[in-house]
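Student: Pasting a structure below so you can have a look.
Values in this text are rule-based calculations from the coordinates and carry no lab data. Owing to the predicted nature of the structure, the values given are computational and were not obtained by experimental measurement. Positions of Cβ are generated from backbone atoms using ideal geometry, with glycine treated the same way; all protein chains shown enter the neighbour counts.
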């Protein structure tokens, strides 16, 4: 299935970029595509005009395929964004935060491949029945908005892979070759990266965001929004602490949405303001120790994954005790 994914998306490596909402940009998306993966532009709550500008810039920076991520129930412009896919012949579209079924037929009619982001077996089966081409199964380790089910990647991937026939990409907690190898062993056909791509040379985010990722341990993230059923994983920082404190005292869903709007996301990620903004961060932050180029990251992940798979096979070819 790994080769199938690469052939389906016309990419070298079975690695795709996750949507990053309103901090998405052409520079990083193009870098991922140029490095052999599938770069992604996340639409977030941006206007169609803003998204189109990023699409055009990305096309200027890469001749390779890239994807558009549309968060169905988050964006107020879903239909207009679908029209952008048609206008610019975007070859791959990932649909998240909502029911993808109404949009799949028209996208596939225009020859776009559809990725559905899922967080449970039930979601995966529904997406398969609706005609999705590929699934991304995202565990609660992942950064940003997550499923309220809070299932881990390690348990989610084998469950979904067993119950559907579609290729599955693993997301959440993956940022190196070992993670890629583990995902493949669990039944995935590739991986989606988010947090790990923040800490790369091309990523145009605030230096303090990257430095915070390097300094973070695995327990330096927290989940916001449990009290209102809108889960989001971020790096621990003063603004995140403020929201957690407000949740303890009783926070309305509307106020929570205001406090975690893309304005505050931009404050943290782009301006490095941890007092008035948050930085999305997955648990993989505990594994980040350097800031490579995207090419170095993807090449290294593939080389390391092959090494660990070969070591695993060698272990089973010799007697050992359990």
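Student: Given the chain, report the % of alpha carbon pairs whose separation exceeds 23 Å.
Tutor: Values: 28212 of 51681 pairs.
Percent of Cα pairs beyond 23 Å in the chain: 55.
Student: Is it possible to state the helix-based mean residue ellipticity at 222 nm for the chain, with each DSSP H run of 4+ residues giving -39500 (n - 2.57), the sum divided by total residues, to the nearest 500 deg cm²/dmol? What is it?
Tutor: Values: 14 runs with 141 residues, N = 322.
After summing the helix terms and dividing by residue count, I get -13000 deg cm²/dmol.
Student: Here's a follow-up. Residue 111 versus residue 201, label points 7 Å from Cα toward the beta carbon: distance in nm?
Tutor: The answer from the label model is 3.6 nm.
Student: Hey, in the GNM for the chain with a 10 angstrom Cα cutoff, which one of 262, 202, 80 fluctuates hardest?
Tutor: 80
Student: Starting from the coordinates of the alpha-carbon atoms of region 1-118, obtain the Kirkwood hydrodynamic radius over all distinct pairs and give the value in Å to one decimal.
Tutor: Value: 13.9 Å, from the Cα pair sum.
Student: Where the centre of each part is set by its Cα atoms, how far does region 29-54 sit from region 236-269, in angstrom?
Tutor: What the calculation gives is 26 Å, centre to centre.
Student: Based on alpha-carbon centroids, what's the gap between region 156-212 and region 121-151 in Å, whole number please?
Tutor: Centre-to-centre distance over Cα atoms comes out at 13 Å.
Student: Over the chain, what is the mean sequence separation of C-alpha contacts under 8 Å (at least six apart), divided by residue count, expressed as relative contact order in percent? Walk me through the numbers before you get to the answer.
Tutor: Working: 682 pairs, mean separation 54.2, N = 322.
Relative contact order here is 17 percent.
Student: Related question: How would you classify region 80-206 from its alpha-carbon gyration tensor, with a ≥ b ≥ c the square roots of the eigenvalues: rounded for a/c under 1.5, else prolate if a/b is greater than b/c, otherwise oblate?
Tutor: Values: a/c = 1.82, a/b = 1.19, b/c = 1.53.
It comes out oblate by the Cα gyration axes.
Student: Another one. When the chain is modelled as a GNM with alpha-carbon springs shorter than 10 Å, which of 280, 176, 148 fluctuates the most?
Tutor: Comparing 280, 176, 148 in a Gaussian network model of the chain, the most mobile one is 148.
Student: To the nearest whole percent, what portion of all C-alpha pairs in region 207-283 is separated by more than 16 angstrom?
Tutor: Details: 1294 of 2926 pairs.
Of all Cα-Cα pairs in region 207-283, 44 percent lie more than 16 Å apart.
Student: Compute the label zone of residue 120 within region 213-256: residues whose backbone N is under 15 Å from the point 7 Å along Cα-to-Cβ.
Tutor: 229-231
Student: How would you rank 269-277, 153-161, highest first, on the average number of other Cβ atoms within 10 Å across their residues? Each step should come with its number before you reach the end.
Tutor: On the way: 269-277: 17.8, 153-161: 20.8.
Ranking, from highest mean packing down: 153-161, 269-277.
Student: Here's a follow-up. Starting from the Cα of residue 10, step 7 Å along the direction of its Cβ; do the same at residue 211; then give the gap between the two resulting points in nm.
Tutor: Label at residue 10, label at residue 211, 4.2 nm between them.
Student: Also: Anyone know which of 92, 32, 74 comes out most mobile in the 10 Å Cα GNM of the chain?
Tutor: 74
Student: For the pair residue 185 and residue 271, what calculated FRET efficiency results from E = 1/(1 + (r/R0)^6), where r is the Cβ-Cβ distance and R0 = 45 Å, to the nearest 0.05?
Tutor: Values: r = 40 Å, r/R0 = 0.89.
Once the sixth-power term is evaluated, E becomes 0.65.
Student: So if each residue of separation counts as 0.36 nm, and I subtract the Cα-Cα distance between residue 79 and residue 52, what length gain in nm does that give? Write out the running numbers ahead of the final one.
Tutor: On the way: separation 27, 0.36 × 27 = 9.72 nm, distance 1.37 nm.
Working it through step by step, the gained length comes to 8.3 nm.
Student: Taking 7 Å along the Cα-to-C-beta vector as the label spot, tell me the residue 245-residue 220 distance in nanometres, rounded to one decimal.
Tutor: 2.2
Student: By how many nm would the segment from residue 257 to residue 99 lengthen if fully extended, with 0.36 nm per residue of separation less the alpha-carbon distance?
Tutor: Values: separation 158, 0.36 × 158 = 56.88 nm, distance 2.04 nm.
Value of the extension gain: 54.8 nm.
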